[in-house]
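The values are calculated or read from the model by the stated rules, or taken from the named source; none is laboratory data. No experiment lies behind these values; they were computed from the predicted model shown. Cβ coordinates were reconstructed from backbone atoms using ideal geometry, including for glycine residues, and neighbour counts include every protein chain displayed.
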Amino acid sequence: MEPGTYTLLVSLPEAATIEFGAAGPRDLEPGWYAYTGSAFGAGGLKRVTRHRELAAGERDARHWHADYLLGHDGSALEAVYVTEREDAECETARALSDAASAVSGLGASDCDCPSHLAFASERTLLESSLVARHDRALD
C-alpha cells in the first residue's frame, strides 16, 4: 500500500478511564476522538488494517497510543480518512486540536505537538476538519 497520513475517527459512548501504556491513564469523556498518525514505513497505509483488526478484537498487541483507545470495549472505529504520499500528520493533528480539544501527551511521542488525539462532543466538529484535511475516507 501507499505511504501516507491517516486519521481514525472513534466513538466512545460512555466515559472511561483508559490506560495508554507508558503514557498512563486518561479519563475520557463520552464523545468522538480523532487520532492522527502516519505510515511511511514498510507496508505504508496497511497500518490502518492493523488498527481496524485491533478495534474488531482480531488483534491484542498494542503498539501505538491509538491502540489503547481502539482496544477499549466501549469504543468503536467509525471512519478512517487518508492522504496518500503526504506527511501531513502534525498539521492535521494541530488543526483537529484547534477545532476540538487535544488529549494531552498522546500520539505525539516523536514530535513536539501537544497531542495527536483530539476530542469533541459532536462528530461534526471533527468530521468537517477531516474532510478538509484528507484526500478521502476509506471504506
* Given the conditions (1) within 23 Å of Gly41 (Cβ to Cβ); (2) out of contact with any Ser or Thr (no Cβ under 7 Å at 6 or more places or on another chain); (3) charged (D, E, K, R), which single one is not true for Glu86? -> (2)
* Which of the following residues is assigned to a strand (DSSP E or B) and of a type in the set (Asp, Glu): Glu86, Glu127, Glu78? -> Glu78
* **Filtered residues of region 107-139 (kept if of a type in the set (A, V, I, L, M, F, W, C) and under 22 Å from Pro3 (Cα atoms))** => Ala108, Cys111, Cys113, Leu117, Leu130, Val131, Ala132, Ala137, Leu138
* Structure fact -> Among (1) over 27 Å from Gly41 (Cα atoms); (2) of a type outside the set (A, V, I, L, M, F, W, C); (3) crowded, with 17+ Cβ neighbours inside 10 Å, Thr92 falls short only on (1)
* Which numbered condition Ala76 fails, given (1) modelled with pLDDT of 95 or more; (2) surrounded by 21 or more Cβ atoms within 10 Å (Cβ to Cβ) -> (2)
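Considering only region 29-46, how many residues are out of contact with any Asp or Glu (no Cβ under 8 Å at 6 or more places or on another chain) and surrounded by fewer than 21 Cβ atoms within 10 Å (Cβ to Cβ)?
The first filter runs over region 29-46 and keeps only residues out of contact with any Asp or Glu (no Cβ under 8 Å at 6 or more places or on another chain), leaving 29, 33-35, 39, 41-43, 46.
Now drop any that are not surrounded by fewer than 21 Cβ atoms within 10 Å (Cβ to Cβ), which leaves 29, 41-43, 46.
Residues in region 29-46 being out of contact with any Asp or Glu (no Cβ under 8 Å at 6 or more places or on another chain) and surrounded by fewer than 21 Cβ atoms within 10 Å (Cβ to Cβ): 5 in total.
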* Asked: Within region 89-124, which residues are in a loop (DSSP other than H, G, I, E, B), in contact (Cβ under 8 Å) with a residue 60 or more places away in the chain and among the charged types (D, E, K, R)?
  -> Glu122
* Determine whether region 56-71 contains at least one residue that is touching a Cys at 6+ places or on another chain (Cβ under 9 Å) and either without any contact (Cβ under 8 Å) to a residue 40 or more places away in the chain or not in a helix (DSSP H, G or I) (or both). => no
* Assess whether Leu12 counts as being farther than 20 Å from Ala61 by Cα and either touching a residue at least 12 places away in the same chain (Cβ under 8 Å) or buried (at least 17 other Cβ atoms within 10 Å of the Cβ) (or both). => yes
